[in-house]
């Protein structure tokens, strides 16, 4: 069965809390944020690998593969490539038959890191690659709005045509031209000319 991406639940928060406490402890004071964030980064890389490679996702989620055999594979794949803390955590999940719950656990751990250190992950989608100056402007605007330090991840999506789309956790802020055009088409189909003119005026005012 494939690895299922689910929202954090009570079980995920229990495991994430244990990992967070271990990461903070191993980080020792001033380096605790860096240790938590590096651990989160490694787990996110593993999740990205599972998204890109269906066989790896099935390997993690399999209820048939014996935990002893999977332990050997996990050590072969990740020993020396991730921190000892991350590898030990994966092995504990494997021993408890909870690797299939990894997406929810990583989601819960990410929330804890963001809440603890005032950071928030933001995915920025634009039709064309944007430079560091534009990213800095977006970062500054988000920091004023959110009251947290945004960590930006820039992606190119040519289908947007123009504008920008922001994914902040579960919240989507879609200012893309593609979406604005779709809304205008819906207005044509549903609301008639007056509403179209009103929406067009608001669109122009927002440029």
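How many residues does region 157-172 contain that are surrounded by fewer than 13 Cβ atoms within 10 Å (Cβ to Cβ) and either at pLDDT 85 or above or under 18 Å from the mean Cα position of the chain (by Cα) (or both)?
Residues flagged as surrounded by fewer than 13 Cβ atoms within 10 Å (Cβ to Cβ) and either at pLDDT 85 or above or under 18 Å from the mean Cα position of the chain (by Cα) (or both) within region 157-172 amount to 3.
Would you check if residue 107 is surrounded by fewer than 14 Cβ atoms within 10 Å (Cβ to Cβ), closer than 23 Å to residue 24 by Cα and in contact (Cβ under 8 Å) with a residue 12 or more places away in the chain?
No; evaluated as a whole, the condition is false for this residue.
Here's the yes/no breakdown for (1) touching a helix residue (DSSP H, G or I) at 6+ places or on another chain (Cβ under 6 Å); (2) in contact (Cβ under 8 Å) with a residue 24 or more places away in the chain; (3) in the same structural domain as residue 24 (by TED's automatic domain parsing):
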| residue | (1), (2), (3) |
| --- | --- |
| 53 | no, no, yes |
| 58 | no, yes, yes |
| 66 | no, no, yes |
| 76 | no, no, yes |
| 89 | yes, yes, yes |
| 93 | yes, yes, yes |
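Residue 119 - would you say it is surrounded by 13 or more Cβ atoms within 10 Å (Cβ to Cβ) and closer than 29 Å to residue 168 by Cα?
It is true that residue 119 is surrounded by 13 or more Cβ atoms within 10 Å (Cβ to Cβ) and closer than 29 Å to residue 168 by Cα.
Identify the single condition in (1) under 14 Å from residue 113 (Cβ atoms); (2) exposed (fewer than 15 other Cβ atoms within 10 Å of the Cβ); (3) modelled with pLDDT of 90 or more that residue 34 does not satisfy, given that it satisfies every other one.
(3)
The values are calculated or read from the model by the stated rules, or taken from the named source; none is laboratory data. Predicted, not measured: the structure shown is a model, and the values here were computed from it. Glycine gets a Cβ as well: all are built from the backbone with ideal geometry, and neighbour counts include every protein chain shown.
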